Amino acid sequence: MSVVASTAASVVAPAAPSFVGLRRVKGPGALSRDVEAHPSVTLATSVRGARASRGASSRCVATMAGTGKFVVGGNWKCNGNTASITQLVKDLNKGEIDADVDVIVAPPMLYLPKVQSTIDRQFKLSAQNCWVSEGGAFTGEVSAEMLADANVPWVILGHSERRALCGESDEFVGKKVAYAIKNGLSVMACIGETLQERESGATQDVCRRQLQAIVNELSAGDWEKVVIAYEPVWAIGTGKVATPEQAQETHAGIRAFMASAVSQDVASKVRIQYGGSVNGQLQELAKQEDIDGFLVGGASLIGDAFITICNSAKYNTY
Ligand code: PEP
C-alpha cells in the first residue's frame, strides 16, 4: 500500500542564507546541457585569481558557498545487536580521522541512545527515518520532534529501501524533509534511479522528479539543512559501484537542476553525497568535483573500512 502524505506541514522559512566562496565547474561542459534545458540558469563564468594562476583558466567559476566540507554518512540500516554495536563503536572510537570531514552515523533507532552515550563527539548521530508530521496515532513511527528532543540532529529520508519497500512516494518524502527541517533536524535526502531507469536513459529525469518534490516543500534557506545523497539503486548493496564518471555526470546534473529549480547559490552550496557500494574506487570518486561526500551502507558496519572512507575526504580538493 502506498503511504499517502496527509499532513499539511507548513514550513517556516528561516532567513535566507548568505553565500560566499567559489566553486569550480568544468567549463561550460558539465552544466551546459542542463543550462540549456533550464534557460533561467545563468552561470558566472569568470575565472578567478588563484585558481586561474594554478592553471584552471579553461574552467568557468560559479559562485558557491558554505563550508563545502566533505560529509560521510554511515547507514547501519536494520543491522546489529548490543554486542556488535558495542564493538563497532569501540572500533570507530579507535579510528583516526585525519581529514577535514563531517561524519554522521545512523544506527538503528533502538540503539541511538546507547551509541549517543558511547561514541566520540566527532561522530554526529542520525536516525534512518522519521514521521511526516507531528506524532500521534502512528504505530511504529518516531516523530521529528522526538529526535530533536533526544538530541539526534540528523535524519536520513527518502532512502530507496523505504521508497521501494514501504511505498514512500516522492511527495511523501518531500513533506517528510520539510517537517524534519521545520523541527530543527538536518536531513540526508536520498534520490536515485533503478537499473531499468538508468538503462532507459532516465537517470536525470528521475533525480529531478524526486528532487522537485522536495523543492516544492522547502524555502531556499531550508537547503542549508539538507545534504542530497545520490544513490543509484542498482549500486546499493550490490558491490557494483558507479564509475567516477557516471557519478560525476549525475551529480553535475543534480547541481544544474538545483540552480534552475532553487537558485545558483543553493546549487553551489548544497553538498551532494554519492552512495552505493562505496568501498572501492574511493580516491577517484572523492576527487570528482561535484562529489561532496559519501553515504555508506555495508562498509559502515566495519570500523576500519568506514574510517578509511571518511579519510578519503583528503582526496577531495574542491
Ligand atoms: C545505502 O543503502 O545507503 C548504501 C549506500 O548501501 P551500500 O553502501 O551497502 O551499497
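Just so it is clear, none of the values below were taken in a lab; they were calculated from the coordinates. Keep in mind the model is a prediction, meaning the values are calculated, not measured. For neighbour counting, all protein chains shown are included, and Cβ atoms are generated from backbone atoms with ideal geometry for every residue, glycine included.
Given a Förster distance of 35 Å, report the FRET efficiency between residue 164 and residue 308 from their Cβ-Cβ distance, rounded to the nearest 0.05.
Computed FRET efficiency for residue 164 and residue 308: 0.75.
Eight or more residues apart or on different chains, and alpha-carbon atoms under 28 Å: count the Lys pairs in the range 121-278 matching that.
Taking the Cα cut-off of 28 Å, the pair count is 13.
Can you run phi through the Karplus equation (6.51, -1.76, 1.60; θ = phi - 60°) for the range 69-74 and list ³J(HN,Hα) in whole Hz, with x for Gly and Pro?
5, 4, 9, 10, x, x
Once you list every other residue whose beta carbon is under 10 Å from the beta carbon of residue 135, what net charge do they have if Lys and Arg are +1 and Asp and Glu are -1?
Numbers: positive: none; negative: 134, 141, 145.
Surrounding charge for residue 135 is -3.
Can you work out the PRE-style zone for residue 69? Point 7 Å along Cα to Cβ, and I want the residues of the range 92-120 with backbone N under 16 Å.
Flagged as within label range: 97-105, 120.
Find how much the distance from residue 87 to residue 116 grows on full extension, using 0.36 nm per residue of separation minus their present alpha carbon separation; answer in nm with one decimal.
In short, 9.0 nm is gained.
Residue 150 to residue 96: FRET efficiency via 1/(1 + (r/R0)^6), r the Cβ-Cβ distance, R0 41 Å, to the nearest 0.05?
0.90
What does the net charge come to around residue 150 if you take all other residues with beta carbon closer than 15 Å to its beta carbon, with K and R at +1 and D and E at -1?
Combined, the nearby Lys, Arg, Asp and Glu give -1.
Using 0.36 nm per residue of separation minus the Cα-Cα distance, give me the extension gain between residue 240 and residue 139 in nm, one decimal.
Fully extending the segment from residue 240 to residue 139 adds 32.8 nm.
Could you give the dipole magnitude of the range 69-315 about its Cα centre, charging the beta-carbon of Lys and Arg +1 and that of Asp and Glu -1, in debye to the nearest 20?
The dipole magnitude comes to about 380 debye.
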